[in-house]
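Novice: Sharing a structure below in structure tokens format, with a few things to ask.
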């Protein structure tokens, strides 16, 4: 019988760059713990679960002992059972193993017990609620609480629910500012579940970490000290991740005892056009999805964007129809769909009537879909953890699985096609974030003061920088100090000054005709994304910006597609504020520290879908300044000349190396290229030398550049190899061109970048 991969490769085997076969893994079981409430164990046994996997049993031992735990095992390994068993048991009868200093294992709480479940997506919370309801455990009153919950239901949930499923945003904007309304839940809060905790990284991760510490602080005010149960995809140092999130030691369970069927992993490179541009990964993934679905292979294709999902599904449907099949057997799945639409698609996928599905990572994060035959990953998803999370959707019933990674026109994808061991032979990444970033810490301290006065004792939650930040907030009139602590005394809400997904001002995108807010943009990026004349796409709808008012933090738009896209042009420079670490290696010096990036958007270009530029338009916008952390390296002019890079070629070589380094850093740090930026110059006034710098795109930094500095040798070696491996002659989007370059990708010298990086790597190797 022809395998799915052999069928795909027929007639186009040159696109198949690498194939790896991963063997099946048997399951290892363990008995049920004796403390589980009988109604709970009976419900799970009725659902066909008669024994635990060994990692589940190990994690539950920690929970029963009152220890915080993170379970970092593969997709479909049953992580949800680790938090459902104790949470439902506690909800049923108030049984709280090791709940407090005066309560030993097996103690009873007359007031009962509650659990709070936090999910990064509404779809995942809804999926978990459906699972709890299907178990039908007597005494469990579970409910989701989010922005769509009606007012009357909210009141009932606060007063009566003993398992509340929500998200970090709701905890931030509703629960903590009004904790008195949640007093019943908080007094009995026994477990806090943090699902898919590997998604909390960068600035978002720092925000969530401080949010969870605020939650623990308020819970203790009501007399509870909940055990945190965290679930994660496989990540490096999951215990460290959990500890950074909650501010206390966390036990890590990583030895996966669940079974897995055999898996074939293939690396697939689309063909290139005459100009060296690689065919769209979205189109290629759509064709592969259609080919697999038309032969009865149930497949999910993961695509990066919402628009890409719709395009891939359309390509697949046409492919199925051309082969005599029913195009209705292929569909799209993304955020923005109504809940009932998503549930219907998930049901069709489970029952088998849907053979192919194009999806965003909304389907990656825990939605219970089993029995898939194949997964197509349309473009590197950014991290190994995400790749294996998506791959794990195939073969969930233990049957053989096929996974195909389709390369996008990107430096990192190009590198991986030539170096599959960078995915298959390396551990997954750690989650990089910094809760001590003062730009994140300050607004959370203000929010904490509004919840309860902040005292010196709260340093246990907020770290050694707390006092200095509090003094600064007092100096700016944000807080007031009294002998009993620091207080919020303003009339507005402190939490409204904090966006969990960014730092600083948020610009509202407002439809001019209706006054409706259609979305938001970070203030730092507003001048480049929503300047007057910009084409702005939100949830698949196209708008044109009529004006941008930075003082009012508002961009007005009109709905309509003009038939072109826009791209801002900018001039950038940076100042070295403080070199925190630097080491000289002969003619090369590598440094990290605090930098100030100055940029000014000067114009924008209009492009047709073909790429043709049809106009350039000047803009008069203020200079933007960002103080953040960066990593940079310098080279002496003599060493560059000896390496074959003439003085006139230095700008292009440095610029190309900068672009490629930005593209490759996500291989090593949990970021994508939109989280970081770069500047290069042939002569920097602070260093006095040719300089290449990569920086975090957030005030105060997010940890990405610092991580790049720690692994600079491997980072720059991968960067060099990615450029050299690309078959283009002069540079393309697959190696040194950047989709966000403010200089229109000029100048760029591909060959010069390789020589420059060879120079740096040789110097680093010599010490």
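Novice: I need the Debye-formula profile for the stretch 506-562: one equal scatterer per C-alpha, no solvent, reported as log10 I(q)/I(0) at q = 0.26 1/Å, two decimals.
Specialist: Evaluating at q = 0.26 Å⁻¹ gives log10 I(q)/I(0) of -1.02.
Novice: Mind sorting 455, 151, 190 by how few other Cβ atoms lie within 10 Å of their own Cβ, fewest first?
Specialist: 151, 455, 190
Novice: Here's something else I'd like to know. When ranked by the protection proxy of mean other Cβ atoms within 10 Å per residue, highest first, what sequence do the peptides 210-221, 710-721 form?
Specialist: Ranking the peptides 210-221, 710-721 by packing returns 210-221, 710-721.
Novice: In deg cm²/dmol, rounded to 500, what helix-only [θ] at 222 nm does the chain give when every DSSP H run of at least 4 residues adds -39500 (n - 2.57) and the total is split over its residues?
Specialist: -10000 deg cm²/dmol
Novice: Convert 10 °C to kelvin, take the viscosity as 1.306 mPa s, use the Kirkwood radius over C-alpha pairs of the stretch 29-253 as Rh, and evaluate the Stokes-Einstein diffusion coefficient in µm²/s, rounded to a whole number.
Specialist: D, rounded to a whole number, is 92 µm²/s.
Novice: Right, another one. Please report the antiparallel percentage of the DSSP beta bridges confined to the chain, to the nearest 5.
Specialist: Percent antiparallel among DSSP bridges in the chain is about 60.
Novice: Same structure, new question: What's the extension gain from residue 746 to residue 344 if we count 0.36 nm per residue and subtract their Cα-Cα distance?
Specialist: That pair, residue 746 and residue 344, stretches by 139.9 nm at full extension.
Novice: Just report the Cα centroid separation between the stretch 470-548 and the stretch 641-707, whole Å.
Specialist: Using only Cα atoms, the two centres lie 29 Å from each other.
Novice: In whole percent, what relative contact order does the stretch 515-593 give with Cα contacts below 8 Å and a gap of six or more residues?
Specialist: That works out to 19 percent.
Novice: Continuing with this model, one more query. Arranged by the count of other C-beta atoms within 10 angstrom, fewest first, what order do 556, 18 take?
Specialist: So the residues, fewest neighbours to most, are 18, 556.
Novice: Also, I was wondering about something else. Taking N as the number of residues in the stretch 196-344, what is its Cα Rg relative to 2.2 N^0.38 Å?
Specialist: This ratio for the stretch 196-344 stands at 1.48.
Novice: First check a/c for the stretch 203-243, with a ≥ b ≥ c the square roots of the eigenvalues of its C-alpha gyration tensor; if it is under 1.5, answer rounded, and if not, answer prolate when a/b is larger than b/c or oblate otherwise.
Specialist: Oblate shape, in that a/c is at least 1.5 and b/c is the bigger or equal ratio.
Novice: Right, here's the next one. Take residue 558 and residue 501, extend 7 Å from each Cα along the Cα→Cβ direction, and tell me the distance between the two endpoints in nm.
Specialist: For residue 558 paired with residue 501, the spin-label model returns 2.8 nm.
Novice: Please tell me the relative contact order of the stretch 569-765 in percent, rounded to the nearest whole number, where contacts are Cα pairs under 8 Å and at least six residues apart.
Specialist: Once normalised by length, the contact order is 24 percent.
Novice: Right, another one. What's the exposure ranking of 535, 454, going from fewest to most Cβ atoms within 10 Å?
Specialist: Ascending Cβ contact count within 10 Å gives the list 535, 454.
Novice: Still on this structure, I have one more. Against the empirical 2.2 N^0.38 Å scaling, what ratio does the C-alpha Rg of the stretch 438-497 come to?
Specialist: Taking the Cα Rg and dividing by 2.2 N^0.38 Å, one obtains 0.98.
Novice: With a 10 Å radius around each residue's Cβ, average the other Cβ atoms per peptide and rank 415-422, 547-554, 162-169, highest first.
Specialist: Ranking, from highest mean packing down: 162-169, 415-422, 547-554.
Novice: Name the shape class, rounded, prolate or oblate, that the alpha-carbon gyration tensor gives for the stretch 609-767, where a ≥ b ≥ c are the square roots of its eigenvalues, rounded holds for a/c under 1.5, and otherwise prolate holds if a/b is larger than b/c and oblate otherwise.
Specialist: Rounded is the answer for the stretch 609-767, as its axis ratio a/c remains below 1.5.
Novice: Order of 642-648, 325-331, 191-197, 122-128 by packing, highest average Cβ count within 10 Å first?
Specialist: For the peptides 642-648, 325-331, 191-197, 122-128, the packing ranking is 191-197, 122-128, 325-331, 642-648.
Novice: What is the distance, in nm, between label points placed 7 Å from the Cα along the Cα-to-Cβ direction at residue 577 and at residue 472?
Specialist: 0.8 nm
Novice: Still on this structure, please answer the following. How high is the relative contact order of the chain, in percent, counting Cα pairs under 8 Å that sit 6 or more residues apart?
Specialist: The value is 11 percent.
All of the numbers you see were taken from the coordinates with simple rules; none came from a lab. All figures in this text were calculated on a predicted structure; none of them were measured in a lab. Methodologically, a virtual Cβ is constructed for each residue, glycine included, from the backbone with ideal geometry; neighbour enumeration extends over all protein chains shown.
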